[in-house]
Amino acid sequence: AVQWSPFVQTFRRQRYPWVQLAGHQGNFKLGGERGTILKKLCPKEESCFQLLMKDPLRPFIPSYKGNVTSDDGEKFLVLEDLLGDFRNPSVMDCKLGVRTYLEDELAKAKLKPKLRKDMFEKMLQVDPSAPTAEELQMGGVTKPRYMVWRETISSTATLGFRIEGIRKQDGSSSKDYKTVGSSQQIVSVLHDFVQHHPHALAKYIERLNQLQATLARSEFFATHELIGTSLLFVHDHSKANIWMIDFAKTHRLPGGVQIDHNSPWRVGNHEDGYLIGLCNLTQLLDQLLVN
Ligand code: ATP
Ligand code: MG
Ligand code: MG
């Protein structure tokens, strides 16, 4: 049976609840095979999974087991269910990178920079001081302006990652972190996430350090721009682990373009800030360990 909650989709199974902390409801289904889930197929994402299964990063990726077509003709990726080995897991989705839109998406938005009243209103709602005098007067903002601004209300633009959603061991979950922007706010959310499981913190830090070392020798990482990908943190009373998920906006770099994932992004340079986020996230967790 499928249970719906206002924020988070959960599937109740025999041994453990499954939770989806981001994305559209309906993008995921339980796999037919035990220990797998189905994610609506996007061909770009599928080709990433195929490459990643042969890359040094493989231990950090949910196993990709091919695809299936449902009765109504919809295609799904078959992926390892990362929650499968946990009992009543706590789960956190952190989206990495200094921006979560593609260069293409920004360029497209710039082609017809119409004034958008809806985006202006969303902006006002979050921060009445965000619109410029001119925007206030016009009662609208352009989409590219809105896209760039939106990354500044969370920690995405400043720290290179943001918290997307959390499910805690008590069963409560939230996706309401859009304006958690300062290091201090994040440290307090992270503290809350691990507080009853001190063993998890050290394991998480160790795993992030391994990830960083592995990224340095990954052919996939050297040749791709990672936009909108997440690190999925999962722990329970005895275990803790982290995986890389969500490659729907991960694209091979255009010919001749190289990035170091660590330099500031400027329009057109394709830098994603992945390592900026990874480093800041690790540092904030380190802070918790010390305190
Ligand atoms: P968005 O682009 O909005 O982030 P999406 O539709 O691309 O969403 P994902 O980000 O891949 O979807 O996944 C959404 C959520 O589903 C994750 O936050 C996580 O909670 C859950 N999830 C995704 N993949 C797995 C997996 N392999 N095992 C367990 N849970 C997963
Ligand atoms: Mg995602
Ligand atoms: Mg996605």
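Using alpha carbon coordinates only, what is the Rg to Rh ratio of the stretch 74-124, with Rh defined as the Kirkwood radius?
Details: Rg = 18.7 Å, Rh = 15.9 Å.
Reported Rg/Rh (Cα atoms, Kirkwood Rh): 1.18.
So for the stretch 78-184, averaging the separation of alpha carbon pairs under 8 Å that are six or more residues apart and normalising by length, what relative contact order in percent results? Don't skip to the answer; put the middle values down first.
Working: 135 pairs, mean separation 37.0, N = 107.
Computed over the stretch 78-184, the figure is 35 percent.
Any idea of Ser129's accessible area? Nearest 10 Å², probe 1.4 Å.
Taking all protein chains as shown, Ser129 has close to 90 Å².
Suppose every K and R has +1 on its Cβ and every D and E has -1 on its Cβ; what is the size of the dipole of the stretch 68-133 about the Cα centre, in Debye to the nearest 20?
Numbers: 11 positive and 13 negative charges, 136 e Å.
Computed about the Cα centre, the dipole is about 660 debye.
Can you pull the one-decimal nm distance between simple spin-label points at Asn88 and Lys122, each 7 Å off the Cα toward Cβ?
Roughly 3.7 nm, to one decimal.
Mind checking the log10 I(q)/I(0) for the chain at q = 0.08, 0.13 Å⁻¹? Debye, one equal scatterer per Cα, no solvent, two decimals.
At q = 0.08, 0.13 Å⁻¹ the computed log10 ratios are -0.36, -0.98.
What size of dipole, in debye to the nearest 20, comes out for the stretch 71-179 about its Cα centre when the only charges are +1 on Lys and Arg C-beta atoms and -1 on Asp and Glu C-beta atoms?
Values: 19 positive and 19 negative charges, 113 e Å.
The dipole of the stretch 71-179 has a size of about 540 debye.
Report the label-to-label distance for His196 and Leu136 in nanometres (one decimal), using points 7 Å from each Cα along the Cα→Cβ vector.
4.7 nm
In Å and on Cα atoms, what radius of gyration and Dmax does the stretch 106-263 show?
19.0, 57
Quick check on the stretch 230-291: what does the Kirkwood estimate of hydrodynamic radius come out to from the alpha carbon pairs, in Å? Walk me through the numbers before you get to the answer.
Numbers: mean 1/r = 0.0706 Å⁻¹.
Kirkwood radius, the stretch 230-291: 14.2 Å.
Pop the C-beta distance of Lys110 and Gln258 into the FRET formula with R0 = 25 Å and round what comes out to the nearest 0.05.
Details: r = 24 Å, r/R0 = 0.98.
So, using R0 = 25 Å, E works out to roughly 0.55.
Determine the dipole magnitude for the chain: charges of +1 sit on the beta-carbon of Lys and Arg, -1 on that of Asp and Glu, nothing else is charged, the reference point is the Cα centre, and the result goes in debye to the nearest 20.
Working: 37 positive and 33 negative charges, 82 e Å.
Result for the chain is approximately 400 debye, rounded to the nearest 20.
The values are calculated or read from the model by the stated rules, or taken from the named source; none is laboratory data. Computed from a predicted structure; not experimentally measured. Methodologically, a virtual Cβ is constructed for each residue, glycine included, from the backbone with ideal geometry; neighbour enumeration extends over all protein chains shown. Just so you know, the surface numbers come from the protein's heavy atoms only, side chains and all, with ligands and any DNA or RNA stripped out. Shrake-Rupley method; radii C 1.70, N 1.55, O 1.52, S 1.80 Å.
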